[in-house]
1. ARG74 - would you say it is open to solvent by 20 Å² or more (accessible area, probe 1.4 Å), free of Cβ contacts under 8 Å to residues at least 60 places away in the same chain and part of a loop (DSSP other than H, G, I, E, B)?
2. How many residues does segment 154-174 hold that are open to solvent by 40 Å² or more (accessible area, probe 1.4 Å) and more than 19 Å from the chain's Cα centre (by Cα)?
3. Taking segment 26-41 as the region of interest, how many residues are among the hydrophobic types (A, V, I, L, M, F, W, C) and touching a Pro at 6+ places or on another chain (Cβ under 9 Å)?
4. Among (1) at pLDDT 95 or above; (2) over 18 Å from LEU138 (Cβ atoms); (3) not in a helix (DSSP H, G or I), where does ARG85 come up short?
5. Exactly one condition in (1) at pLDDT 95 or above; (2) within 18 Å of PHE119 (Cα to Cα) is false for ALA173; which is it?
6. Quick one: in segment 20-53, which of the residues that are more than 13 Å from the chain's Cα centre (by Cα) and part of a helix (DSSP H, G or I) is farthest from GLY195 (Cα to Cα)?
Amino acid sequence: MVLAGQYLERSVVVGDLDALYHRGRRDPPCAIAAPHPALGGSMLSPVVAELAWALTRAGHPTLRFDYRGVGASRGSSRHPAGAMRIADLQDEVADLHAICEHLIATTQMPAVCAVGYSFGAAVALEAAQDVRIGRLVLIAPPTKLYDFAALAAVRKPVLVVCAHHDSLCDRSALPLPDGARLEVIAHADHFFGRGLTELGKTVATWLRGDRPELIAPEDRGPQPKPVDLELDPGAGEPLELDTDPD
């Protein structure tokens, strides 16, 4: 049984893709693209999981997924294991488009926010011209591995979040379009071992338009009422200690 306010994602299958969905009422719904499949990236990545958690708590429907050939998703990946180079994203872009279509059909909302982390940022950027994508969030875009020049032509709301110490992301090389927002998470690296919670809150805040409402409700569950405990005095017999060593 799922209790009111409980965070519980539901496993869904979108075509050949394995995914985790959480309902929500706040527009836009968010499709979250995972890091590089050749390097073990999946929807279970800590960054992807944190984004799903933070955006769900902010009220947005979320759908994170594994690309074809990853985890329980059927098919095969074009990227050989261990390869860092990012090229030939057509399969992953098609996967993200399928996820967006499913999310719109499920939520009955007009468009999706595509959120991509690392390799997923390249996938989200390549998919961004689709009309089903109304907003774009790029997390730690790896400029050393992929050309993000197409970012300059995006005419939709864009948020880019970078780690302060990221050897794969050169913030100065990102051609931000007019109106785009750049946020930097202090003390974090490409994997956000530090600053993970701040990352989720940053994205949720941007989607809320910096309005003063809480990003997420405080964790205030039902408070138990204090109960006075009465100890059983027993039968009134005095306590006797066994002092016999035998």
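1. Details: open to solvent by 20 Å² or more (accessible area, probe 1.4 Å): yes; free of Cβ contacts under 8 Å to residues at least 60 places away in the same chain: yes; part of a loop (DSSP other than H, G, I, E, B): yes.
Yes, satisfied.
2. Summing the residues that are open to solvent by 40 Å² or more (accessible area, probe 1.4 Å) and more than 19 Å from the chain's Cα centre (by Cα) in segment 154-174 gives 9.
3. Within segment 26-41, the first condition is being among the hydrophobic types (A, V, I, L, M, F, W, C), and the residues that meet it are 30-34, 38-39.
Add one more test, that the residue is touching a Pro at 6+ places or on another chain (Cβ under 9 Å), and what stays is 30, 38.
Qualifying residue count, segment 26-41: 2.
4. Evaluating ARG85 over (1) at pLDDT 95 or above; (2) over 18 Å from LEU138 (Cβ atoms); (3) not in a helix (DSSP H, G or I) leaves (1) as the failure.
5. With (1) at pLDDT 95 or above; (2) within 18 Å of PHE119 (Cα to Cα) applied to ALA173, the lone miss is (1).
6. ALA38
Residue-by-condition table, conditions (1) open to solvent by 10 Å² or more (accessible area, probe 1.4 Å); (2) not in a loop (DSSP other than H, G, I, E, B):
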| site | (1), (2) |
| --- | --- |
| HIS79 | yes, no |
| ALA94 | yes, yes |
| GLU101 | yes, yes |
| ALA105 | yes, yes |
| PRO110 | yes, no |
| GLY116 | no, yes |
| ALA122 | no, yes |
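For every residue, the table says whether it meets (1) under 18 Å from HIS102 (Cα atoms); (2) basic (Lys, Arg); (3) in contact with a strand residue (DSSP E or B) (Cβ under 9 Å, 6 or more places away or on another chain).
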| residue | (1), (2), (3) |
| --- | --- |
| VAL13 | yes, no, yes |
| LEU20 | yes, no, yes |
| ARG25 | yes, yes, no |
| PRO29 | yes, no, yes |
| PRO35 | no, no, yes |
| SER45 | no, no, yes |
| ALA52 | yes, no, yes |
| LEU63 | yes, no, yes |
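The values are calculated or read from the model by the stated rules, or taken from the named source; none is laboratory data. Here the structure is a predicted model, which means the values were calculated and not measured. Ideal geometry is used to build each Cβ from the backbone, glycine not excepted, and the neighbour counts take in all protein chains shown. Just the protein is used for accessible areas: all its heavy atoms, side chains included, with ligands, DNA and RNA removed. Shrake-Rupley method; radii C 1.70, N 1.55, O 1.52, S 1.80 Å.
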